[in-house]
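The values are calculated or read from the model by the stated rules, or taken from the named source; none is laboratory data. Quantities reported herein were computed from a predicted structural model and do not represent experimental measurements. A quick note on method: Cβ atoms are made from the backbone with ideal geometry, for glycine too, and the neighbour counts reach across all protein chains shown. Surface areas here come from the heavy atoms of the whole protein model, side chains and all, with no ligands, DNA or RNA. Shrake-Rupley method; radii C 1.70, N 1.55, O 1.52, S 1.80 Å.
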Amino acid sequence: MGSKLSGRDLIKLGFPKNNAVNIALGQIHRYRKKEKKSTILEEAKQVLLAPEKYKNHGTWGKLAEELTVPVKVQMQKLSGQSAPFSVFGEDVIDERAKQQLYDALKLPVAVQGALMPDAHSGYGLPIGGVLATDHAVIPYGVGVDIGCRMSMSVFDIPASYMTGKSDKLKGILQDHTKFGMKETHDKKMDHEIFSHPGFSDIPLVRKLLDKAYRQLGTSGGGNHFVEFGFATITETVPGSKLPPGEYLALLSHSGSRGLGAAIARHYTYLATKQCPLPDHVKHLAWLDMDTHDGQEYWTAMNLAGDYAKACHENIHYRVASALGRRISFTVGNHHNFAWKETVNGKPCIVHRKGATPAGQGQLGIIPGSMTAPGYIVKGLGNPESLRSASHGTGRVFSRKACKERFTGHDMKKILKTKGVTLIGGNVDEAPMAYKDIGKVMQLQDELVQVLGTFTPVIVRMNS
């Protein structure tokens, strides 16, 4: 900007001496600071004259809202009484995770909650927490890794194929999967996700387009993985032509990468400013769905979820191409996301932070650890769990505790016993860090029907 634009410049245009000036300056500084001052002032004048025309505008929508129906900012108080809830597997869930759910249930927007048997404490909602709210979305109820998901592809190849091809399969994972902050594919690929209007309409997201393009088809660090194993199908999987049996399969776990993390940070900040809460529940700040920021977050969140799905599609395409075989069918699901659903006849926003959607007949994959089987499931639509199930087996030990308790030798010993080859990975993801997946599945037999299992054989993680 040729000379710095100030609040005085906006007041000269006729802006009221209130928060509208602060919002205008904030939006200009964030998204338009490199443009000419005269251009910005002319646009700001048009917004002042006809704010209703700019209601959904990326830069000016928030200002237009302030000039017409301002967002009321006030300290929020927790209710004295909790919304109704259900806990599945109470005996295997730590007290801190339960307390986090109880606190969330006292939000004035809370309608109903549930805790899955793999639950453990996190930020905002506990991991494995499900919360239905009234016309409000909680960015930290979704989580930082928006749209983190599981995806399993099954090939019409008998599981016995792995016996003599382990070196080939290991090489494919080494050469065709990328992990962490630095690794990207040399050969980039396009995808229809990049034509999503969010990439052009939302200034924050527009700035993230190049990063999203570079990271397409890559996986994060931590507990994210891509692994070959075998799927044991015991019941016919809807949409699949494969009969029950054992088949070569590929399972991946990752999310929306830098795109989702930036969206989460930005809108969490906005939520904490618009919806201040007592310090111990500050991460549960929400955005009203009637506000500009609430609607913009919803669009950005769904874009991040679609992008996470696109990443998995790209990973599976690359691996299948290297294998030289077509995928027979794929099962996938988000577990860090929010959905518009009806709860007891009431339209709600249902947050599943580390929980698998399990509506009636809905397919999903619930993984174990790197040495324990995952489960192919079909949802039973149980309303007590808000039609949800666990997203995995759940941690017993934190990452820090794993480093203090276990050694690389301990992990190699159990991997050898289970016949699993690990590429990358660290002791903080040791199999011993996790609950018994068999017990977790028993504790949710009223939530999902098991159609088969996935047994990992070659596991690729961030190094």
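Each row is one residue, and each column tells you yes or no for (1) within 29 Å of THR371 (Cβ to Cβ); (2) of a type outside the set (A, V, I, L, M, F, W, C); (3) open to solvent by less than 70 Å² (accessible area, probe 1.4 Å).
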{"position": "SER151", "(1), (2), (3)": "yes, yes, yes"}
{"position": "SER160", "(1), (2), (3)": "yes, yes, no"}
{"position": "LYS170", "(1), (2), (3)": "yes, yes, no"}
{"position": "HIS191", "(1), (2), (3)": "no, yes, yes"}
{"position": "LEU204", "(1), (2), (3)": "no, no, yes"}
{"position": "GLY217", "(1), (2), (3)": "yes, yes, yes"}
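Answer with yes or no whether LYS340 is free of Cβ contacts under 8 Å to residues at least 40 places away in the same chain, under 24 Å from GLU95 (Cα atoms) and open to solvent by 10 Å² or more (accessible area, probe 1.4 Å). Walk me through how you get there before you give the answer.
Working: free of Cβ contacts under 8 Å to residues at least 40 places away in the same chain: yes; under 24 Å from GLU95 (Cα atoms): no; open to solvent by 10 Å² or more (accessible area, probe 1.4 Å): yes.
No.
If PHE155 satisfies every condition in (1) open to solvent by less than 50 Å² (accessible area, probe 1.4 Å); (2) without any contact (Cβ under 8 Å) to a residue 60 or more places away in the chain; (3) not in a helix (DSSP H, G or I) but one, which is the exception?
(2)
In the stretch 1-42, what residues are open to solvent by 80 Å² or more (accessible area, probe 1.4 Å) and within 25 Å of LEU270 (Cβ to Cβ)?
Of everything in the stretch 1-42, those that are open to solvent by 80 Å² or more (accessible area, probe 1.4 Å) and within 25 Å of LEU270 (Cβ to Cβ) turn out to be LYS4, LYS17, ASN22, HIS29, ARG30, LYS33, LYS34.
Being touching a Cys at 6+ places or on another chain (Cβ under 9 Å), closer than 30 Å to GLY171 by Cα and crowded, with 19+ Cβ neighbours inside 10 Å narrows it down to one residue among ALA285, ALA308; which is it? Working first, answer last.
On the way: ALA285 fails: closer than 30 Å to GLY171 by Cα.
Every option except ALA308 fails the conditions.
Checking HIS29 against (1) at pLDDT below 95; (2) part of a loop (DSSP other than H, G, I, E, B): exactly one of these is not met. Which one?
(2)
Within the stretch 304-331, count every residue that is of a type in the set (Lys, Arg) and more than 30 Å from ARG206 (Cβ to Cβ).
Narrowing the stretch 304-331 to residues of a type in the set (Lys, Arg): 309, 318, 325-326.
Still in the running and more than 30 Å from ARG206 (Cβ to Cβ): 325-326.
Residues meeting the conditions: 2.
Taking the stretch 241-257, which residues are open to solvent by 20 Å² or more (accessible area, probe 1.4 Å) and either part of a helix (DSSP H, G or I) or among the small types (Gly, Ala, Ser) (or both)?
GLY245, ARG257
Within the stretch 266-280, is there a residue that is touching a His at 6+ places or on another chain (Cβ under 6 Å) and either under 29 Å from ASP186 (Cα atoms) or of a type outside the set (Asp, Glu) (or both)?
Of all residues in the stretch 266-280, those touching a His at 6+ places or on another chain (Cβ under 6 Å) come to none.
For the stretch 266-280, residues touching a His at 6+ places or on another chain (Cβ under 6 Å) and either under 29 Å from ASP186 (Cα atoms) or of a type outside the set (Asp, Glu) (or both): absent.
Could you please let me know if SER166 is touching a Ser or Thr at 6+ places or on another chain (Cβ under 9 Å), of a type in the set (S, T, N, Q) and farther than 18 Å from GLN274 by Cα? Lay out the reasoning, then the answer.
Values: touching a Ser or Thr at 6+ places or on another chain (Cβ under 9 Å): yes; of a type in the set (S, T, N, Q): yes; farther than 18 Å from GLN274 by Cα: yes.
When the stated conditions are applied, SER166 passes them.
Going residue by residue through the stretch 220-236, is there one that turns out to be at pLDDT below 95, surrounded by fewer than 21 Cβ atoms within 10 Å (Cβ to Cβ) and β-branched (Val, Ile, Thr)?
Looking for residues that are at pLDDT below 95, surrounded by fewer than 21 Cβ atoms within 10 Å (Cβ to Cβ) and β-branched (Val, Ile, Thr), one finds at least one in the stretch 220-236, hence yes.
Could you list, in sequence order, all residues of the stretch 172-189 that are open to solvent by 40 Å² or more (accessible area, probe 1.4 Å) and either polar (S, T, N, Q) or in a loop (DSSP other than H, G, I, E, B) (or both)?
Step one: of the stretch 172-189, the residues open to solvent by 40 Å² or more (accessible area, probe 1.4 Å) are 174-176, 178, 181-184, 186-189.
Correct list: GLN174, LYS178, MET181, LYS182, GLU183, THR184, ASP186, LYS187, LYS188, MET189.
Which residues, taken from the stretch 258-282, are among the aromatic types (Phe, Trp, Tyr) and surrounded by 19 or more Cβ atoms within 10 Å (Cβ to Cβ)?
Restricting attention to the stretch 258-282, the residues satisfying the condition of being among the aromatic types (Phe, Trp, Tyr) are 267, 269.
Passing the criteria: only TYR267.
Would you say ALA372 is in contact with a strand residue (DSSP E or B) (Cβ under 6 Å, 6 or more places away or on another chain), at pLDDT 95 or above and at negative phi? Lay out the reasoning, then the answer.
Details: in contact with a strand residue (DSSP E or B) (Cβ under 6 Å, 6 or more places away or on another chain): no; at pLDDT 95 or above: yes; at negative phi: yes.
Judged against the criteria, ALA372 is not a match.
Which one is nearest to VAL319 (Cα to Cα), of the residues in the stretch 122-135 that are touching a Pro at 6+ places or on another chain (Cβ under 9 Å) and surrounded by 24 or more Cβ atoms within 10 Å (Cβ to Cβ)?
The qualifying residue nearest to VAL319 (Cα to Cα) is GLY128.
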